[in-house]
Amino acid sequence: MNTGIKIESIEKSFGTNPVLKGINLEVAGGQLVSILGSSGCGKTTLLRIVAGLERATSGHVFFGDELQDQITVEKRAIAMVFQKALLFPSMTIGENVAFSLRAQKNPPKDIDKRVEEMLELVKLPGFASRRPGELSGGQEQRVSLARALMRNPKVLLLDEPLSALDANLRVEMRNFIREIHDSFEMTTLFVTHDQEEAMAISDKIAFMESGVLEQYDVPESFVSTPESPKVAKFFGCRNVFSGKVVGETFETSFGALQLGKKQSNGSLLAVRQEDLHVSREKSKHSFEATVTSWQFVGSRISISCQAANRSNGEPLEVIVESDRFADFDVNETVHISYEPNRLHVITRDN
Amino acid sequence: MKIIFRPFFLGLFVFWIFFPFLSIIIWSVAAGWRFPDILPEEYSARGYEVSFDPDGDIVRGVITSTVIALIVGVLATAIGSAAGRAIAMYTFKMKKFFQFLVLAPLIVPGLAVTMGIQILFIKYGLADSMRGVILAHLIPTVPYVVMIMSGTFANFDRAYEEQGQVLGASRLTVMRKITLPIVLPGLAVSFLFAFVISWSEYILTLLVGGAAVKTLPMVLFAYLRGSDLTLVGAASIVFMIPPLILLRFTSKHLVGRSSSVTGLGSV
């Protein structure tokens, strides 16, 4: 049975500066959950509180049913990997990996064998006698991971372990982390600022901004059903229209849009740019706009339009992303069509 | 021009540095050396015979000085490391003031305060004792250790200690197995400095130890006044040896890869 993590109304201030404003988070045992957010949002502080490296101003942390608040760092059933590999320079790779075993009161007898097995697991067999300086960044981080796993933690804490690596290696390593997580019985908290990384490997994502947990959900929800405009923006949704829900439609300043399903009340509508299509013909669910500019974004094309017929007369930009080139002229009047099922009313409007 | 002058000035420099040593070495084996002779007429081992006499003042002075310098080295390194770490890694109230206080003995002339120290030590029964001398020697040594160790700890990444903790190591284990090996070069250099300063300390030993604690500088000073230059020469050579031996074992930390100690260059 895997140990879950419960974070209960955690508040943390440094001096008079509040960093965490009442975080509640429950992670089911055996899951890999990412804590995602831009730098300074408090995600690392939250992880350090879970580790016991930082003391919360108020609130509680539980592993399973066990309250952790009074338990010191070294006695918690955790292991942590930081952004830097932090291999102890005075020790060989093998000694580094064996560190947690040797730090015990009664070190086991088969240390060498276990170290070699662990190094094989992280694909560095035969590295035991090497020294930290002889390894590449990715190898160092794998050793750091092996050293953490050697402790057999119930909770694995990863504090941006991939940020210092280059792009290709990051992809390889994140998949590796997921593999490792699945082959051990543990719950993993993975702090990152990289949206793609979090989406790729997490069971659930906890998205934070300015010390507040904005949304805690499965990865796809952040794209399809963002709960706040901040979430929508962070996950790349370019169109957020204000208005109000009236029956099965959302009334905007440029007309009513059909909602595909019954949605709760809210004053903002998130429409992803890739869910919109530009065409010269009117369709069942479309609205009028003028093309203002377009540009390539990677292999796709991003078309900026100006919504027509606005009730208040002010310009409103609508962005459409398409995977094929369409030869629209600037200032041409077009019809932007949408899929009612893909429209999402944001319930919070902070 | 450059080619001619460079060897000349280099020679002058070497002469400048080594001439005093040269004359001491010659004096230590001379039976008599009169002006204007370039070298002594007769040689003798008398200086060294007296110096190495097991019951002589010099051997006893060496033992006393070694014991004191070793203890001072250890104590100063321990105290100064703690202070150096605090200055480099923590923020606390009145930090600037404490920083000044710790380094003050380097700025304030020692003689100015020794009177006060002497009176205080007599009052608490520390005068004329080895304990008192050791305590007094901490005054000029601790500031150097603080300087060296605050530099060492400024380059030390505290994350290493946290990494140890999150792997289940107690504070003591973290200190022994992680921090200590990393700051070892700084500790070695600190110990060297403290040892050498204590080894050559004269004024504080004289005022606090009185006639009771006879370290080697005390003995040497007595000989200097006696004007037996053969003996002074030999004793001076003996005086130089222990710090050189210590330097032999710590010099690797003064140069090369250990960036913990900056500004000392190649020694």
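The values are calculated or read from the model by the stated rules, or taken from the named source; none is laboratory data. Just so we're clear, the structure is a prediction, and the values are computed from it rather than from any experiment. Quick reminder, even Gly has a Cβ in these numbers, built from the backbone with ideal geometry, and neighbours come from all protein chains shown. The area values use the complete protein model at the heavy-atom level, side chains included, leaving out ligands, DNA and RNA. Shrake-Rupley method; radii C 1.70, N 1.55, O 1.52, S 1.80 Å.
For segment A:5-230, how big is Rg over Rh, using alpha carbon atoms and the Kirkwood form of Rh?
Reported Rg/Rh, Kirkwood definition of Rh: 0.97.
When Lys and Arg each count +1 and Asp and Glu each count -1, what net charge do the other residues less than 12 Å away from A:Glu140, Cβ to Cβ, add up to?
Residues close to A:Glu140 contribute a combined charge of +4.
Probe radius 1.4 Å, ligands and nucleic acids ignored: give me the carbon and sulfur share of the accessible area of the protein assembly as shown as a rounded percent.
The value for the protein assembly as shown is 58 percent carbon and sulfur by accessible area.
Give me log10 I(q)/I(0) at q = 0.15, 0.21, 0.22 Å⁻¹ for segment A:238-346, Debye formula, one equal scatterer per alpha-carbon, no solvent.
Evaluating at q = 0.15, 0.21, 0.22 Å⁻¹ gives log10 I(q)/I(0) of -0.59, -1.13, -1.23.
Between A:Val297 and A:Glu248, what's the calculated FRET efficiency when r is the beta-carbon distance and R0 is 35 Å? Round to 0.05.
0.60
Sort the following peptides by mean Cβ neighbour count (other Cβ atoms within 10 Å, averaged over residues), highest first: B:38-45, A:33-40.
A:33-40, B:38-45
I'd like the Karplus ³J(HN,Hα) series for segment A:301-309: coefficients 6.51, -1.76, 1.60, θ = phi - 60°, whole numbers in Hz, and an x wherever there's a Gly or Pro.
10, 10, 10, 8, 10, 10, 5, 8, 6
Using Cα pairs under 8 angstrom and six or more residues apart, how large is the relative contact order of segment A:5-230, in percent?
29
From the Cα gyration tensor of segment B:128-232, with a ≥ b ≥ c the square roots of its eigenvalues, which class applies: rounded if a/c is under 1.5, or else prolate if a/b is larger than b/c, or else oblate?
prolate
Spin-label point model (7 Å from Cα, Cβ direction): what's the B:Ala78 to A:Thr347 distance in nm?
6.3
Beyond 18 Å, what percent of the Cα pairs of segment A:1-114 remain?
60
Take every residue in peptide A:98-111, count the Cβ atoms of other chains within 10 Å of its Cβ, and give the average of those counts.
Counting Cβ atoms of other protein chains within 10 Å of each residue's Cβ and averaging gives 2.
Along the charge dipole of chain A, Cβ charges K/R +1 and D/E -1, which of A:Ala307, A:Met199, A:Phe14 sits furthest on the positive end?
Result: A:Phe14, furthest along the dipole toward the positive end.
If each DSSP helix of 4+ residues adds -39,500 (n - 2.57) and the sum is divided by the residues in the protein assembly as shown, what number results at 222 nm, nearest 500 deg cm²/dmol?
So the calculated ellipticity at 222 nm is -13500 deg cm²/dmol.
Show log10 I(q)/I(0) for segment B:1-60 at q = 0.18, 0.27 Å⁻¹, two decimals, from a solvent-free Debye sum over equal Cα scatterers.
-0.77, -1.02
Would you work out the Kirkwood radius for segment A:48-100? I mean one over the mean of 1/r across all pairs of different Cα atoms, in Å.
Kirkwood radius, segment A:48-100: 13.0 Å.
So which helices of chain B fit the span-like rule, where a helix is a whole DSSP H run, its Cα atoms reach 24 Å or more along the axis, and its mean Kyte-Doolittle is at least 0.0?
Sorted by number, the helices that extend far enough and score high enough are B:2-29, B:57-89, B:130-154, B:180-200, B:229-254.
Which residues in segment A:197-237 place their backbone N less than 19 Å from a point set 7 Å from the Cα of A:Phe14 along the Cα-to-Cβ direction?
A:208-213
Pop a pseudo-label 7 angstrom from the Cα along the beta-carbon direction at both B:Glu41 and A:Lys282 and give the gap in nm to one decimal.
For B:Glu41 paired with A:Lys282, the spin-label model returns 13.2 nm.
For the protein assembly as shown, compute Rh as the Kirkwood radius over C-alpha pairs and then the Stokes-Einstein diffusion coefficient at 4 °C and 1.567 mPa s; write the answer in µm²/s, rounded to an integer.
Translational diffusion coefficient: 42 µm²/s.
Under the Kirkwood approximation for Rh and a Cα-based Rg, what ratio Rg/Rh is obtained for chain B?
1.05
For a label point 7 Å from the Cα of A:Lys105 along Cα→C-beta, name the residues of segment B:161-189 whose backbone N is under 18 Å from it.
B:168-174
Rounded to the nearest 100 Å², what is the sum over both chains of accessible area buried where B meets A, with a probe of 1.4 Å?
1800
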